[in-house]
Each structure stands twice: as C-alpha cells, then as structure tokens.
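Notes follow once the structure below has been shown.
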C-alpha cells in the first residue's frame with residue numbers, strides 16, 4: 001500500500017467518524033428538546049364534595065349492673081339484655097342485625113383509711129349490643145324501646161349510606177371540574193394554552209361518608225321516643241391532575 005492510498009483511507013475514516021459524531025449530537029439535542037417539551041405541564045389538586053340523606057344507622061345500647069357478687073351481677077345483667085333483645089325484635093329488627101360489641105366484668109374497689117387498704121365493694125357487669133337500623137325514621141322508637149326494657153347506657157349514633165357509589169361519582173365530577181378550572185386559571189396567568197390531561201389520581205379525604213350532624217342521646221330523654229336529627233352524609237374527594245402545556 002502506497003502513501004496516497006493510506007491518506008485516502010484515513011480521510012474516509014475521519015469523515016465517517018465525524019458523521020457518526022454529528023448524528024449522535026443531533027440525537028442528544030432531540031432527546032433534550034423532547035424532555036423539555038414533556039416537562040412543560042401544570043399540576044393541580046381539585047376538591048369536590050357531595051351530600052345526601054342517610055338511609056341507615058347504628059346505635060349501641062347496653063346495661064351496667066352492680067351487685068355484691070359476680071353471679072348476682074351477671075344474672076341480673078343477662079335478664080335485662082334478654083328483655084332488650086325482645087324489645088328490638090318487637091321493633092322489627094332481626095337477630096342478625098344485633099351484635100354484642102362489649103362484655104366486661106370488673107370489681108369495684110374502695111380505698112379505706114387509715115390502713116390505706118382497698119376492699120371490694122361489689123362487682124360490675126357491662127353488656128353492650130350494637131344494632132343496625134335500616135329505617136332512620138325508627139331510631140327514636142328503637143331507643144325508647146330498649147330504654148324501657150332496662151338499657152341504662154346509650155352510645156353515639158352513627159349514620160351511613162348503604163351505597164356510596166352515587167355520592168362518590170358526584171364528588172369526583174365536582175373535583176375534576178375544580179381541577180380543570182384551577183389549571184385553566186394558571187395557564188391564563190402564565191400566557192400559555194392548556195393541553196390534554198397527562199395523569200390523574202384520586203383520593204377520599206376523610207374516608208367514607210360521615211354525619212354532618214348527629215347528637216348523643218341522654219338517658220333523661222328516654223321516657224319517650226327522642227327526636228333524632230340524621231342530618232346529611234358528606235363525601236369529600238380530591239383529584240390530583242397534571243395537564244400538558246401547548
């Protein structure tokens with residue numbers, strides 16, 4: 001191989017290397033431009049809520065008995081619980097919707113002077129059942145019935161909605177509309193146009209519907225059916241959305 005042939009081959013190799021390098025550089029520039037375009041976006045959080053009347057409720061009712069002996073306290077307690085169960089059945093509540101939620105026995109102790117000793121003054125038995133009521137209009141009658149049967153403890157009433165799908169959908173629609181309105185306002189302030197949605201995620205704030213208004217029941221109200229206000233059930237939804245910028 002003479003000198004002129006070697007020179008030509010070297011020139012061809014150098015030109016090829018330059019072309020490859022230029023192509024790689026252009027590809028790199030394209031990637032950076034694409035990445036820059038993809039990063040042009042607006043992220044917002046929309047809020048929505050929906051409310052509706054509750055169609056079911058839960059209430060816990062029970063009895064506490066204090067007696068000199070454990071046997072005496074448990075027997076008296078059980079007798080009253082049986083009357084409470086019978087009263088619930090008379091209100092049209094089946095046994096499968098009544099569940100024991102607490103049963104406990106403890107000794108009542110008194111602190112005595114001057115020997116600084118404690119003595120057992122009796123035994124207390126507590127039995128509580130939780131009742132699911134499918135007709136919220138009957139809550140007052142149910143509470144009056146169990147109290148007249150001997151219940152001396154009533155725990156807070158909890159209202160609920162059997163099927164939350166309709167409330168969830170309504171809240172999601174409101175949250176999405178809020179998210180889009182926020183994104184459009186930001187785009188207008190920035191002097192750009194809003195593009196398509198790039199990503200969406202949702203979350204329930206506060207979990208399942210909770211009562212907007214409910215009150216605890218005082219035992220003094222139990223001679224007759226108490227007035228109970230079920231209020232409204234509210235569901236809050238958040239939508240986290242990212243919109244492209246054109």
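Just so you know, all these numbers are worked out from the coordinates, no wet-lab data involved. These numbers were taken from a predicted model, which means no experiment stands behind them. Neighbour counts are summed over all protein chains in view; Cβ atoms, including those assigned to glycine, are modelled from backbone coordinates with ideal geometry.
The distance between label points at residue 189 and residue 158 comes to 4.1 nm (points 7 Å beyond Cα on the Cα→Cβ vector).
Legend: ranking of residues 111, 103 from fewest to most surrounding C-beta atoms inside 10 Å; resulting order 111, 103.
A full extension of the chain between residue 201 and residue 68 corresponds to an added length of 41.8 nm, given 0.36 nm per residue minus the alpha carbon distance. Between residue 86 and residue 166, the C-beta separation translates, for a Förster distance of 45 Å, into a calculated FRET efficiency of about 0.75.
When a footprinting reagent is the concern and you count Cβ atoms within 10 Å, what order do 204, 189, 235 take, fewest first? Don't jump to the answer; show the numbers that get you there.
On the way: 204 15, 189 8, 235 25.
Taking fewest neighbouring Cβ atoms as first place, the list is 189, 204, 235.
Whole Å is fine, so just give me how far the alpha carbon centre of the stretch 40-81 lies from that of the stretch 142-189. With the stretch 40-81 and the stretch 142-189 each reduced to a Cα centre, they are spaced 17 Å.
If you rank 45, 74 by fewest surrounding Cβ atoms within 10 Å, what's the result? Intermediate results must be reported in sequence, preceding the final value.
Details: 45 14, 74 17.
Ranking 45, 74 by Cβ neighbours within 10 Å, fewest first, gives 45, 74.
Placing dummy labels 7 Å off each Cα toward the beta-carbon, the span from residue 119 to residue 79 is 2.7 nm.
If the chain between residue 148 and residue 240 were fully stretched, how many nm would it gain, using 0.36 nm times the residue separation less the Cα-Cα distance?
27.9 nm
In terms of its alpha-carbon gyration tensor, the stretch 67-183 comes out oblate; a/c meets the 1.5 threshold, while b/c is at least as large as a/b.
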